[in-house]
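Okay, structure first, notes after.
Please treat every number below as a calculation from the coordinates, not as lab data. Since we're looking at a predicted model, the values are computed, not measured. Here the Cβ positions follow ideal geometry from the backbone for every residue, glycine too, while neighbour counts run over all protein chains shown.
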Number of protein chains: 4
Amino acid sequence: MPATPAPQTDPIRAAIVGPTGFTGVHLVELLHRHPAAKLTYLASHRDELPDLRDEFPRLTGKLDDETAQCRPIDAGAIAEHADVAFLALPHTAAMAYVPPLLDAGVRVVDLSADYRLNDAQRYERVYHTPHLDAANLPSAVYGLPELFRDDLPGATLVANPGCYPTAAAIGVAPFLTHALVKPEPIVINASSGTSGAGRSAKPATHFISVNEAYGPYGTIGGHRHQPEIAQTLCRVAGKSDGQIDPLFVPHLLPTDVGILETIYLEPADEQVTQDELFEALLDAYADEPFVRVREAGDALPNTKHVAGTNFVDVTVRRVTTGAEGRPTVVVFVAEDNLIKGASGQAIQNMNAVFELDETLGLL
Amino acid sequence: MPATPAPQTDPIRAAIVGPTGFTGVHLVELLHRHPAAKLTYLASHRDELPDLRDEFPRLTGKLDDETAQCRPIDAGAIAEHADVAFLALPHTAAMAYVPPLLDAGVRVVDLSADYRLNDAQRYERVYHTPHLDAANLPSAVYGLPELFRDDLPGATLVANPGCYPTAAAIGVAPFLTHALVKPEPIVINASSGTSGAGRSAKPATHFISVNEAYGPYGTIGGHRHQPEIAQTLCRVAGKSDGQIDPLFVPHLLPTDVGILETIYLEPADEQVTQDELFEALLDAYADEPFVRVREAGDALPNTKHVAGTNFVDVTVRRVTTGAEGRPTVVVFVAEDNLIKGASGQAIQNMNAVFELDETLGLL
Amino acid sequence: MPATPAPQTDPIRAAIVGPTGFTGVHLVELLHRHPAAKLTYLASHRDELPDLRDEFPRLTGKLDDETAQCRPIDAGAIAEHADVAFLALPHTAAMAYVPPLLDAGVRVVDLSADYRLNDAQRYERVYHTPHLDAANLPSAVYGLPELFRDDLPGATLVANPGCYPTAAAIGVAPFLTHALVKPEPIVINASSGTSGAGRSAKPATHFISVNEAYGPYGTIGGHRHQPEIAQTLCRVAGKSDGQIDPLFVPHLLPTDVGILETIYLEPADEQVTQDELFEALLDAYADEPFVRVREAGDALPNTKHVAGTNFVDVTVRRVTTGAEGRPTVVVFVAEDNLIKGASGQAIQNMNAVFELDETLGLL
Amino acid sequence: MPATPAPQTDPIRAAIVGPTGFTGVHLVELLHRHPAAKLTYLASHRDELPDLRDEFPRLTGKLDDETAQCRPIDAGAIAEHADVAFLALPHTAAMAYVPPLLDAGVRVVDLSADYRLNDAQRYERVYHTPHLDAANLPSAVYGLPELFRDDLPGATLVANPGCYPTAAAIGVAPFLTHALVKPEPIVINASSGTSGAGRSAKPATHFISVNEAYGPYGTIGGHRHQPEIAQTLCRVAGKSDGQIDPLFVPHLLPTDVGILETIYLEPADEQVTQDELFEALLDAYADEPFVRVREAGDALPNTKHVAGTNFVDVTVRRVTTGAEGRPTVVVFVAEDNLIKGASGQAIQNMNAVFELDETLGLL
């Protein structure tokens, strides 16, 4: 549960670097309605610096002329205007901007994957490019408050988790920490709304490709979010890296937003009961403002219940098959991929870094 | 591969009993374009017998006044007009109509679940009502031509498979028959378009409930299609009933049609290669007109590729996880739940029963 | 432009009567995030009083047990807990509850149509039932702040405008008040998302009926929102009732929310320029926080730009056809039918009634 | 009504030039199921000639290796293999290929706009490029069989109408020819599914731009299909070009396919009755196999009723407004923009050119 917020006199001044993607515009909207933060600087790497309202007509009437105008990515200028910078840049592009921002005294919440993996070699294997800022990697805090809250207050660099890894970690962690399931096999069958594929126009994101369509995508078994999931599960289970390595299979949904993960686990002990599984969930999350444990009689998790919110819905079932009643633990987790899976969690992390109530601006 | 069709002089005369549901209207459209069959009789159990064009405005211009007018369900009258009757009635409602139709000399293709389970006790456990026609159960043929083609020519009663079971059986059978995977665990993560939920208006099928939504539904581990899948897999693997019992978890898609199943299997031998897995698929289906094996470089199965067709798309991947490279076999299967999963397969079965080319009217 | 808000010490206490529909749940969410109001009472006319979180799983985590529990519709009890009651009941059901609430000293914002028409006879013609509370009709204020702001401060009974009429009035009023267009013909071609059809499950709202579908609905020329539009246009134009009577044709969109109206008007003078038309819009709305005039180079109004917001987007074009260049004035208006078209406007009205900044809780 | 088909011994051999767009793939599917035609040649202008099954996975299993392989656009080679060529190329690209194909003796059905306007100057004004083949313009037949059937038998060059113009012409023509409406004003409020925007990936066709969105697009009053509509209406009304010039306003629908036009007309005589309007429709279309006149008690036209078919659904209402009962004629027309609005009509035209039953392969 978040600590009682320290009294805050001035609002937190926030910059967004790379606001023209989907996570950027969500950050703008969330900051706009935040009672203790204020958007002060939009920084774009485009040659022609846009007015963000031209990019996103829905922002007109929320942003004034000065705020809406993107400015260059200049660490010094950002430091003058902002206490914290959200980096909403593509993977591999963000890490170039972190050192100058940190040096200028700006706290950074990085929504890219650049500081999520704690090992530069692994980063290079996954992203096929050397890490440009290995020096700051050890100090980066993985910003998943429900699991690693204590790391956040006062942090200078937060690696904001990926959308799929957030749902997976929240869904699996309680069963690992309570030793109710085996560390393998873990099968994560995941589906994401199309905003997860980014804003650039590609054949795969053409309306006709996505509408009335559903199927797997990418290299099966090779999604780049999988190592992040593995790393987090190892950490919560107290294992060394590589000892837990889930199978992760993503699919594309004909929706704007939403992630639903159906996770198949093997119980550590065949006698585990469904009640014990729920107890583990409730023990982990009963006091969490953003995790809703759906109990046996409740509605099952669904992307629609969480769309537009920072909630994660989670439930669990013990199911048996076969004559001998072989048990499987089935976990369902739903979140909004752009809110709890990205921009909402980034705001939650900002709140935690500045020791505010984590729910500020998010409920 | 289907046998060469026998020369056919007169078209097959077909009746549809219960045409006001989604499978009914698809049967109408498929029969309308069939070169060797003719819709002759629509039979409804409604008190007020509808003109089917009022139920489905899209049928206007295809059906003439006489054909469009529903008549009572009268076995004698149907026998006068039809060689075969498609029963498109709800589960548990169909079995009352089968004995009189068979007695009157009409062949029956039953799209309900009433004759799919070969054991009346199991039927009663799943459908919570006694089977009313156990006498005809042994003679019912399970109409999945790709697996059990030889049963079809001349059959008098065909149990048309369920939509989920069709995809599951086609996706798993080759690996069981080639002994490449273990009989357990089998995890079937399935998603279906909303037409699978039927035509009646319920809160769960309200547009606002389904649109921009995705999640699991029903009793997890208790879907009534699961025993049908189990029975078929036991049969193809040469096991007695109950020895194979997959875990089946369905989800609802915000689309009109389409089923996509992502199936997780364990290899019988860790050394099995992806090539061997593909060989099993090709051995089973290379000559099948309606099963498209998507090879490694092809597009992955997607509901959109099969929508409106009688095709099933299937592919397989061998994926490893963990330091020791623990292998999992991942199968993807896509079909149109109303075509190959229902009405298209029913037409394919009719073709097979009457010893016509199975593809007639379906390509 | 809203007046500077009076200093507010205690939050406004708000009740919702009939919260189980789509407008009800939106009121809950808007009140939940309102900085100067507080939801205190949910009243339902159901026999079995629901916990609203069971009806709308998305509300879990926002409402506590006490707030979520619906209570009976009891004017005295509501008056104890609330300063204002939002009636989110069906048309013709709301008017029975207004007199006791007003008598008990509760201000009322009625989201139904029951107090929108200022003439009980006309109400009866449109809704086919006598008006049960003609006594309060004259004191009801039509709550469209952009046009009739002065009526709101201190009002005891606000008739919250319909979704279609809000868009139509905002789109047409400036041209009538500036005498730039003729009072007839006015053609309003309107399209609405499916939430406008209500939450009850009907064949017409089945997912399969709406998805991938678009067309007109209802009795063409006889939609019951038309008289409300006519009344408002007469009022802004200073005409007596019946002198302006637009043609209104609604269509159903395969979307959750959104209204888009394309309005065809005839210029009063053929020489009117597009600039003059924009000047009329800007004169009316440049200072309005919730009306965004989209100028010639801006994005055209689209339901997506306003979805989830209290904004109305509006633009205008002067288009000529024929050899002689016959001019037509084409207006496009977009809003979220459940926000500016219902619950958001209701909150805006509450703000105005209590002399708060109209934008509180809405930006 | 189509003439009785002449006996046909050999199937018509058909080529498609430019099959990689949406109209191309529909032509492939329609030819595949056509009983009297055969796809023999796919010609692409791409440097790397694709196998069409790689472009459209849904075609696998329908096309064999030889047919699926695109070949260069070589008029001589096409003439060797084909009796007719369908040009499914972009506007302004098609006209370069027509002369060599005609010279080689191949009949041409051009799905682009290049031969629809009968005046090269007007073409240049609309498409901003000179017409390259003015010589063949006079001999091009405008292929809208319901209005201009007599031009088709034996034609060598058919200009296949645009999607919007087809619906508009079918909806308006009967009232002009029966002199029931004035030639102006004519307001066509049109909406189209996203396939109408073509297959190339642009920000405007990104799933996130289109899904849950609805609004106008393009230059209001300046859509390039408008002159085609005007030309057709002038022709059916016996007016010289320019005398009828409708106002045409298109909107984009969040659906794959479908066009719905709501058309507002002024009656020639205020006394015209709704019955007279229906008589005009029935007089024009009662015997047309692809036009379904929806009478007063029938379902209103909806894109879903026509999706995937070559039907056009049309109905009419006489609506009055104002104290004096000012009448307006409101027409609704629905079609599938890719079938009756493009590829289906092209097949219908082919049937007519070769004097076959127009419905062959289309019902």
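A few notes on this one:
- Using the Karplus relation 6.51 cos²θ - 1.76 cosθ + 1.60 with θ = phi - 60°, the per-residue 3J(HN,Hα) values for region A:215-225 come to x, x, 8, x, 7, 5, x, x, 5, 6, 7 Hz, with x marking Gly and Pro.
- Radius ratio Rg over Rh of region A:1-123, counting only Cα atoms, Kirkwood formula for Rh: 0.98
- Since only C:N189, C:T309, C:H206 are under comparison, the one whose Cα sits farthest along the positive direction of the charge dipole of region C:164-337, derived from C-beta charges on Lys, Arg, Asp and Glu, is C:H206.
- Taking the Cα centre of chain A as origin and assigning +1 to Lys and Arg Cβ atoms and -1 to Asp and Glu Cβ atoms, the resulting dipole is close to 620 debye.
- Dipole magnitude of region A:164-337 about its Cα centre (Cβ charges: Lys, Arg +1; Asp, Glu -1), debye to nearest 20: 640
- Burial ordering of A:L27, A:L52, fewest other beta-carbon atoms within 10 Å first: A:L52, A:L27
- Between this copy and the others, label points of B:A286 are 6.0, 6.1, 7.7 nm apart in ascending order, each placed 7 angstrom from Cα in the Cβ direction.
- Candidates A:A334, A:A96, A:A237, ranked by Gaussian network fluctuation over chain A, Cα under 10 Å, top entry: A:A96
- Candidate aspartates and glutamates for bridging to A:K239, where Cα separation is under 20 Å - those fewer than 8 sequence places away on the same chain excluded: A:D119, A:E146, A:D150, A:D151, A:E184, A:E228, A:E266, A:D269, B:E324
- In this calculation the C-beta distance from B:E270 to D:D64 is compared with R0 = 35 Å, giving a FRET efficiency of 0.35.
- Other residues with beta-carbon under 14 Å from the beta-carbon of C:G218 carry, at +1 per Lys or Arg and -1 per Asp or Glu, a net charge of +3.
- Taken along its principal axes, the alpha carbon cloud of region D:202-277 reaches lengths of 47, 30, 18 Å, longest axis first.
- Most positive-pole-ward Cα, D:I229, D:T273, D:P216, against dipole of region D:164-337 from beta carbon charges: D:P216
- Of B:T60, B:T303, B:T262, the one that fluctuates the most in a GNM where chain B has Cα springs shorter than 10 Å: B:T60
- Teacher prompt: B:L49 distances to equivalent labels in other copies, 7 Å Cα→Cβ, nm: 5.3, 5.8, 7.8
- Mean separation of Cα contacts under 8 Å (6+ apart) over length of region D:68-185, as relative contact order %: 22
- Each residue in D:I208, D:I186 was given a count of other beta-carbon atoms within 10 angstrom of its own, and listing them fewest first yields D:I208, D:I186.
- Average projection area in nm² (convex hull over Cα atoms of region D:164-337, one quarter of hull surface): 10.8
- Value of Rg to Rh for region A:116-242, rounded to two decimals, is 0.99; Kirkwood radius and Rg both from alpha-carbon coordinates.
- Sparse-neighbour loop sites [GluC sites (Glu not before Pro); region B:1-108; at most 11 other C-beta within 10 Å; DSSP]: B:E48
- In chain C, the beta-carbon sitting nearest the axis that superposes C on D belongs to the residue given here with its distance in angstrom, C:N189, 2.
- Stokes-Einstein translational diffusion, the protein assembly as shown - Kirkwood Rh over all Cα pairs, 1.002 mPa s, 20 °C, in µm²/s: 63
- Of the residues A:K304, B:K239, A:K340, the one with the fewest other Cβ atoms within 10 Å heads the list, and the complete ranking is B:K239, A:K304, A:K340.
- Counting from the shortest, the label point at A:T359, 7 Å from Cα toward Cβ, is 2.7, 6.2, 6.5 nm from the same position in each remaining copy.
- GluC sites (Glu not before Pro) restricted to region C:243-308 and DSSP loop, no more than 15 other C-beta within 10 Å: C:E270, C:E295
- Farthest towards the positive end of the charge dipole of region A:21-137, among the residues A:H91, A:L52, A:L101, is the Cα of A:H91, using unit charges on the Cβ of Lys, Arg, Asp and Glu.
- Separation of region D:184-244 and region D:349-363, taken as the distance between their Cα centroids, equals 27 angstrom.
- Basic side chains Lys and Arg get +1 at the Cβ, acidic Asp and Glu get -1 at the Cβ, and with that the dipole of region C:192-258 about its Cα centre reaches some 140 debye.
- nm² value of the averaged projected area, convex hull over the Cα atoms of chain A: 18.6
- Calculated FRET value between B:A96 and D:D47, using beta carbons and R₀ = 56 Å, to 0.05: 0.30
- Taking each of B:K304/D:K340; A:K38/C:K340; A:K304/C:K38; B:K202/C:K38; C:K182/C:K304 in turn, the alpha-carbon distance tops 29 angstrom for B:K202/C:K38; C:K182/C:K304.
- Contact order normalised by residue count of region D:164-337, Cα under 8 Å, 6+ apart, percent: 30
- In nm, spacing of pseudo-spin labels at C:A135 and B:D119 (7 Å Cα→C-beta vector): 7.3
- Summed over qualifying helices (DSSP H, 4 residues or more, each -39500 (n - 2.57)) and divided by its residue number, chain C shows a 222 nm mean residue ellipticity of -7500 deg cm²/dmol.
- DSSP beta bridge pairing in the protein assembly as shown, given as percent antiparallel to the nearest 5: 50
- Per residue, the average separation of C-alpha pairs within less than 8 Å and at least 6 apart gives chain D a relative contact order of 19 percent.
- For region A:314-363, GluC sites (Glu not before Pro) meeting the loop criterion (DSSP other than H, G, I, E, B) and having at most 11 other Cβ atoms within 10 Å: A:E324.
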